[in-house]
Amino acid sequence: MVVQPFSAQQLFKLKRRTLEKRLTDYYEETQDTKTLLKLLIALQIRDALGNENFSQVLRPLVRQLFLKTTATRVLRHCYCHFEGYFSAKEWQTVLARLFPIKIYLTKLISKFRSIFKPETSIGLTDS
């Protein structure tokens with residue numbers, strides 16, 4: 001059984017500044033990206049449900065994880081929850097880092113479509 005570093009009461013009762021400090025300390029100590037991202041998603045839920053502002057908690061750390069660290073399965077699994085942390089251009093960079101083969105294939109498919117684009121429709125008229 002995995003022990004969670006923060007209780008539900010801590011996640012949903014502590015102030016933003018306290019949580020940011022504790023989450024940063026936790027990550028520096030453990031380097032556990034998976035748990036950190038799950039906790040940040042929980043804080044996004046708190047932001048959506050509560051009155052306090054918990055939007056983009058630990059923005060610099062999240063940006064570092066997605067832009068500078070090695071792409072992992074955990075980052076690929078959770079990336080869609082953090083699009084708001086990046087500009088449109090940065091988001092394209094994140095996607096290219098996380099899914100390089102998908103970007104390559106998309107470009108390749110569009111190139112082939114432009115090469116083999118049908119010139120005219122073939123005899124599908126009503127007679």
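The values are calculated or read from the model by the stated rules, or taken from the named source; none is laboratory data. Values in this document were obtained by computation on a predicted structure and should not be read as measured data. Cβ sites come from the backbone with ideal geometry, for glycine too, and all protein chains shown count toward neighbours. Just so you know, the surface numbers come from the protein's heavy atoms only, side chains and all, with ligands and any DNA or RNA stripped out. Shrake-Rupley method; radii C 1.70, N 1.55, O 1.52, S 1.80 Å.
Overview of results
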read-out	value
Local electrostatic count, Arg63, Cβ distance below 14 Å [Lys/Arg +1, Asp/Glu -1]	+2
Dipole of the chain [Lys/Arg +1, Asp/Glu -1 at C-beta], most positive-end residue of Leu67, Phe116, Ser87	Leu67
Mean Cβ neighbour count within 10 Å, used as a protection proxy, ranking 89-98, 32-41 highest first	32-41, 89-98
Spatial extent of segment 48-122: Rg and Dmax, with the Cα atoms as the point set, Å	17.9, 61
Extent along principal axes [Cα atoms of the chain; Å; largest to smallest]	72, 33, 33
Distance from segment 14-68 to segment 89-112 (C-alpha centre basis), Å	28 Å
Gln4-Ile115 pseudo-label distance in nm [points 7 Å out on the Cα-to-Cβ vector]	5.2 nm
Mean ellipticity per residue at 222 nm, deg cm²/dmol - from DSSP H runs of n ≥ 4 across the chain, formula -39500 (n - 2.57)	-19500 deg cm²/dmol
Over 22 Å (Cα to Cα) - which of Lys68/Lys107; Lys68/Lys102; Lys13/Lys38; Lys34/Lys107 fall in this group	Lys68/Lys107; Lys34/Lys107
Accessible area of the chain belonging to carbon and sulfur atoms, whole % at 1.4 Å probe	56 percent
Charge dipole magnitude, Cβ of K and R +1, D and E -1 - the chain, Cα centre, debye nearest 20	220 debye
Degrees between helix 33-49 axis and first principal axis of the chain (Cα, 0 to 90, nearest 10)	90 degrees
